[in-house]
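As C-alpha cells, the structure follows; a few thoughts come after it.
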Amino acid sequence: MRKKIVAGNWKMNTTPAEGLELVKNVIAQSAEVCECVNFIVCPPFTHLSQVAEAAKGSRVAVGAQNCAAEAKGAYTGEVSAAMIASLGVKYVILGHSERREYYGETSATLNKKMEQAYANGLTPIYCVGERLEEREAERHFEVVKAQIEEVVFNLTAEQFADLVIAYEPVWAIGTGKTATAEQAEEIHAYIRSVLAEKFGEAAESTPILYGGSCKPSNAEEIFAKENVDGGLIGGAALKAEDFIAIGKGF
C-alpha cells in the first residue's frame, strides 16, 4: 500500500501567530480523518520552528518549502538542509514550479538540493509539471519525463525509496483551473511508468501527489484514481477546515 498524503504548501502566507493557530487547528481536526492519511504542513521559514514544535507528537508532519543547494557558507539569505532538519522537520519541497519560474532553478541546482536533503535525513517532495503552452503543444509527457530523468534518475535505490513526487500542472496553480480526474490519472500513470524504467517495481511504492487547485469539492474524485496518492495543496491549505476536508477525500 502506498502512503496517502495530503501536504499543505502555505507559500508566502501567514504570520508566525497565524501559522501557529493554523497548525493547531489542523492537529485538532485531524482526528476526523482516517489514520491512513498522512498530513504534512509546510510553513514559511520564519515560523518553521514554532510549527514543528507545535506538531511534535501529533499525526501532522512538517516540511520546509525549499532548502539551499550548499551545506553552509557565505550564502546570504539561504537556509541549509541541516538547519531545517535540526528543527525536527521531516520533509522539504523541491523543484516547485514557482521556484523554477521565478528564481531560475534548474535541474543542476535541484540535483544539489536533493543531495543536501538526503544528507540531512529530509524526505524530498519533488515537483514536476508543465506550463499551459507545453500542455497545448502536447509536450507535457516530454517535459515531465525530462524533469524526472535529469534529477530523480540520479538517486540511489535507497534514496528513491524515500521520495515523494508531486505533479503540478502549472496552468492549474492559482488559476482556478483544474486538470480533470482523468487527466490527472493519465499523467500520474505515465510518471510511474517513467520511474519504473529506472527503478523497476520500487516505482509502485512511490507516492505521487496531484498539485493543481485541489480543493474539497474535487478531492474525492481525483483521489479515487489508481495512481493519485494524495495532493500538494496550496490555497486550500490555509484554512484548516478545507485542508481537513480534502483529507476526507480518500
Filtered residue count, the stretch 119-136, keeping only those that are surrounded by 18 or more Cβ atoms within 10 Å (Cβ to Cβ) and part of a loop (DSSP other than H, G, I, E, B): 4
Unmet requirement for ASN227, which otherwise passes all of (1) touching an Asp or Glu at 6+ places or on another chain (Cβ under 9 Å); (2) assigned to a helix (DSSP H, G or I); (3) within 24 Å of VAL143 (Cβ to Cβ): (2)
Residue match in the stretch 145-167 (condition: buried (at least 22 other Cβ atoms within 10 Å of the Cβ), in contact with an Asp or Glu (Cβ under 8 Å, 6 or more places away or on another chain) and part of a loop (DSSP other than H, G, I, E, B)): no
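Here's the yes/no breakdown for (1) closer than 24 Å to LEU20 by Cα; (2) more than 15 Å from the chain's Cα centre (by Cα):
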residue: PHE153; (1), (2): no, yes
residue: THR180; (1), (2): no, yes
residue: ILE187; (1), (2): no, yes
residue: LEU195; (1), (2): no, yes
residue: ALA203; (1), (2): no, yes
residue: LEU209; (1), (2): no, no
residue: GLY212; (1), (2): no, no
residue: LYS215; (1), (2): yes, yes
residue: LYS239; (1), (2): yes, yes
Whichever residue in the stretch 96-129 is small (Gly, Ala, Ser) and out of contact with any strand residue (DSSP E or B) (no Cβ under 7 Å at 6 or more places or on another chain) and, among such residues, is farthest from CYS42 (Cα to Cα): ALA108
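We did not get these values from a lab; they are worked out from the coordinates using the rules stated. Just so you know, these numbers come straight off a predicted model, no measurement behind them. Neighbour counts run over all protein chains shown; Cβ positions are idealised from the backbone, glycine included.
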